[in-house]
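See below for the structure under consideration.
Just so it is clear, none of the values below were taken in a lab; they were calculated from the coordinates. Everything numeric here is computed off the predicted structure, so don't read it as measured data. All Cβ positions, glycine included, derive from the backbone under ideal geometry; neighbour counts span all protein chains shown.
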Amino acid sequence: MLIQKPADVLPSEITPRSLFERRRDFLARSGAGLVAGAALWHGLPDSARASTRLQGAPSALSTTEPLTEREAVTTYNNFYEFGTDKADPARNAHKMAVRPWTVNVEGLVGKPRRFDIDELLRLAPLEERIYRLRCVEAWSMVVPWVGFPLAALLKEVEPLGSAKYVEFVTHYDPKIMIRDVIDWPYTEGLRLDEAMHPLTLLAVGVYGEVLPNQNGAPLRLVVPWKYGFKSAKSIVTIRLTEKEPATAWNKFAPQEYGFYSNVNPEVRHPRWSQAAERRIGELRKRPTQMFNGYAEQVASLYQGMDLKKFY
Amino acid sequence: MNLSLKAPTAGTIAAVKALVFVLCLLPALDLALGWRADTLGANPIETITRASGEWALRLLLITLAVTPLRRFSGLHWLLRLRRMLGLFAFAYAFGHFTIYLWLDQFFDWNAIALDILDRPFITVGFAAFVLLIPLAATSNGFAIRRLGGRRWQALHRSVYAIAILAVLHFWWLVKADIGRPLLYASILAVLLGLRGWWRELERRRQLSVPPPAKHLEKKVIRLVPRQ
């Protein structure tokens, strides 16, 4: 197994808090930094302002690789509804109200239910999962998510035998989001066995704190062996279906983004070589690993499939 | 005032040139300082790659705007800024290409060759850069004299094709939000459209030259005196 010994320290202990705060002081001296800082603070949900801490128990599924800086994780985002520049979501996502928030779990399930976000936070023990994140744009990060397995939620609603896929629909509010760049609401999908896989996470926090809005608050998917866009943000509906659901990027450019979109250095993309990636914070590129390094755990899901065809 | 604007002294032109020179250097300076101070965001290599490429395109469009500006304003001395603007466009393109080779690919020639052959947006960007090289190399008085004005001009007309390739390079790069490439494409369309329109006007003017008067028909008019 590739699974390594879990880290017995929390990221908050690994990343010196003082360093981050000094950076902030420095930023605050410049006017732009002050505004950005204020926007970040403003973006936090009301209930989180008192305490934004959200700890999770260390997990054996975590990588021991060095974490990407918190600053990069929370300011370099693809959340096109809030702008297509990487820095746009951190500037604009505060407009999204993340409380109250409900998630409808419906479709081919025995017990369809509408969950309040606070119920979801208590649904299963929160874990800290340090995962590699590989974007289809050939950059990557190592992110300490806080969350619980999607399987825990799906078991609550008792999927029917006819359910083969899970569709995720994300929050859409044209009043606070930019013009349609791709078809919104953004939707994503997984096969049911992918959704039930122990690596598949519903994240509610990052870096030991409540998820910032730009990272997909209050609830997002994290599927570490697939390109980042599969990990839908700010989810409002989870629907179990018999047929493969339409997914946002696949609808936009089917020849570029497949339904599976597993990280695969051998399947070319017209814009980026997928053979290598730049880990944010590093200068030189590194080779991309099959299934983003999670082959041991997930390769069996795709046995007998031509991954060049089902890209 | 108007007179001095239309016919500035040599000193004024030199001062304007110096100012434009400094202005053209500012984006590069800004990026260099940002790189040193680590204020270029989480992915600084991406930031400088994009910025240098976008400045190359902007300067190329500014260069192409000189002739129309000169025609509309009557400020013929503007032409004397064109060579410098064009050379700055090349300098930023060269910087953009170097950043790609060095910082983005770290001279991984296999990956670079594959990119150029396999990725349409890189193919057209590379073509635009290669085609700019002869233009930059002949942007001097010596080359003009050596080639002759007509051939020099024919060579430098390829800048229109280069500008189209450069816009295409940007257009094909973006994933979904074509806002910025569309803006540059529109500007280029206006700049090229004006030239097309002027050509058409010139053609019509030549066609509308009045026919010779009746009493001169079939008569040979000798313009060269008999030896």
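The figures follow:
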| item | result |
| --- | --- |
| Ascending count of other beta-carbon atoms within 10 Å, so fewest first, for B:W55, B:W198, B:W152 | B:W198, B:W152, B:W55 |
| The protein assembly as shown, dipole about Cα centre (Lys/Arg Cβ +1, Asp/Glu Cβ -1), debye to the nearest 20 | 4040 |
| More than 20 angstrom apart: percent of Cα pairs within region B:1-142 | 56 |
| Span from the region A:240-263 Cα centroid across to the region B:104-138 one, whole angstrom | 32 |
| Label-point gap, in nm, between A:A253 and B:R36 - each point 7 angstrom along Cα→Cβ | 3.7 |
| For B:167-180, mean number of other protein chain Cβ atoms within 10 Å | 3 |
| Stokes-Einstein D in µm²/s, Kirkwood radius over Cα pairs - the protein assembly as shown at 25 °C with 0.890 mPa s viscosity | 91 |
| Ranked by how many other beta carbons lie within 10 Å on average, peptides B:65-71, B:190-196, A:89-95, A:299-305 from highest | A:89-95, B:65-71, B:190-196, A:299-305 |
| Label-point separation in nm, A:A60 to A:M305, each point 7 Å along Cα→Cβ | 2.6 |
| Furthest towards positive pole of dipole, A:G216, B:W152, A:P287, structure part the protein assembly as shown, Cβ charges | B:W152 |
| Cβ neighbours within 10 Å from other chains - mean over A:276-284 | 3 |
| Qualifying trypsin sites (Lys or Arg not before Pro) in region B:118-166, DSSP loop, other Cβ atoms within 10 Å at most 12 | B:R157 |
| Shielding by other protein chains, B:27-33, mean Cβ within 10 Å | 0 |
| Where Rh is the Kirkwood radius over Cα pairs, Rg/Rh for region B:84-227 | 1.21 |
| Net lengthening on full extension, B:A14/B:R58 (0.36 nm per residue, minus Cα-Cα) | 13.5 nm |
